[in-house]
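Encoded as structure tokens, the structure appears first; notes follow it.
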Amino acid sequence: MRQQPFAIFRRIYIVVFLLIALLGLLFIGVTYMATTSFYAASTQLLNKDVAAHIAKFTSPYGREGFDRQKADSVFYQAMVISPSAEVYFLDTVGRVIYFHGAPAEIQHWQVSVEPLQRYIRSGGLHYMNGPDPRDPDHPKIFSAAAVEGAGGRLGYIYVILGNQQYRSVTQMLVNSRVTPAVLAAVLFIVAVSLVVTVLYIRRVKRQFELIDNINRVTASEKERRDFMVNISHDLRTPLAIARGYAETLLLKKGQLGVEEESAYGGLVVSKLQQVEKMVSQLFELSKMESASFEMQREPFVFSEVLQEVIGAVAGDLTVDCRNCTDGSYVYADISMMERVVQNLVVNAKAYGRGRVMIELSQVGGGLVFRIENEGEPLTGELLDWINASGDGARPKKPAIGLAIVKKILALHSYPFHAEVINEKLNVFSFRMQEYRGEGGR
């Protein structure tokens, strides 16, 4: 139960791992996009004058019309200088007039001149993509220039900087060299980040556990002191009564009758026995709370112990025991479970009115013990303490017998529960795991 508050650290580990993994993937994506964008922008900027040089020095546009022979010379020169370039000659509205290749390779014969005009106006200094007649779904970087004649604009020279062969080679290099290097770097960063994070969280966890343990010890000591103060009050009351009667016997020695002396003496003995019982219970509780305490578990039939205890402590109390011949075995410390039943029966006898009902029942592979009796209803503080997990804050009014019951059941990991029904019926119950042999406890 003490580990439950620290379950948050497991969640932190998972969240941190997922976060770092997500950031790693994001880093890969951003790095790839930034690298390709940088390479494309730098390639476009370095080749911004290619189309302008063709238009100025080897333009196939002329007064007599379009010179295909001159255009073929441009294709040849372009392939020699930059094998990745694809040159297209367009008319004034962007229609492809001539290119190097088979007509079936062209998917769109019409190229939008709007990006070409923006590129020309920027002087080729702005990074932008334009439509590719061979692959219109994937815009490419380009170089463009307008061809002017005596009578006005004759058309455009449009150069795609990166043909299909170039893109295939580039992708192959990225996949074979760049991607493995980036992945290795990211995995290294993720691994180092995870190691550092885990070590830091563990350090924080240890500090948190230390602070939590200190707080627990401090709270436990405060509760123990408060508990002992209240216990001291309960011890003083019977001791004061015993002292009063003992002093009376001394002061009136020879003045009292035999019956009075016997009655006073009996009261003194009774109160001293009450004190002795409380001290014995405190010693028993302290013993179970020590770190060196060990239980002696063994399999036994719980109903047999139950019947023996009822016969020994019930006295004139009427006990209605249902299913108390159940033959189920449990694996527990016999003497401690005897103490649990004894304390609950004695508690019902001391604070109850009339008959006590005890029941054994089988629920989900476990044996449930239940005892109920009418009497003054349990306080909310006492109910909260009994039903709380762990030791919890002990009630101000001492309940040593119930504290021993709660401690024993906690040591056995048996859930303990109390409730008040109809404001008059006090009910205590706990559930024991049924013993089914060494392999099925």
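The values are calculated or read from the model by the stated rules, or taken from the named source; none is laboratory data. Since we're looking at a predicted model, the values are computed, not measured. Neighbour counts run over all protein chains shown; Cβ positions are idealised from the backbone, glycine included. The area values use the complete protein model at the heavy-atom level, side chains included, leaving out ligands, DNA and RNA. Shrake-Rupley method; radii C 1.70, N 1.55, O 1.52, S 1.80 Å.
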Checklist entry - Which one, [x] 92, 44, 40; [y] 93, 48, 39; [z] 155, 47, 40, gives Cα extents along the principal axes in Å as derived from the coordinates shown? => result [z]
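Between LYS70 and SER361, what length comes free when the chain is fully extended (0.36 nm per residue of separation minus the Cα-Cα distance, one decimal in nm)? Let's see the in-between values first.
Values: separation 291, 0.36 × 291 = 104.76 nm, distance 10.41 nm.
Net length gain for the segment: 94.4 nm.
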Checklist entry - LYS205: which lysines have alpha carbons under 29 Å from its alpha carbon, excluding same-chain residues fewer than 8 sequence positions away? => result LYS222, LYS407
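Would you please give the FRET efficiency between PHE9 and VAL182, computed as 1/(1 + (r/R0)^6) with r the Cβ-Cβ distance and R0 = 41 Å, to the nearest 0.05? Numbers along the way, then the final one.
On the way: r = 32 Å, r/R0 = 0.78.
Approximately 0.80, to the nearest 0.05.
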Item to check | Whole-number accessible area per residue in Å² for the chain, which is evaluated in the context of all protein chains at 1.4 Å | outcome: 60
Checklist outcome for this item: The alpha-carbon center of the stretch 231-298 and that of the stretch 306-355 are separated, in whole Å, by 25
Next on the checklist: Just to confirm my numbers, what's the Cα centroid distance between the stretch 402-419 and the stretch 57-104 in Å?
Outcome noted: 94
Next on the checklist: About the Cα centre, and with charges only on the beta carbon of Lys, Arg (+1) and Asp, Glu (-1), how big is the dipole of the chain? Nearest 20 debye, please.
Outcome noted: 1460
Item to check | GluC sites (Glu not before Pro), loop per DSSP, at most 10 other Cβ atoms within 10 Å - longest free stretch of the chain | outcome: 65-293
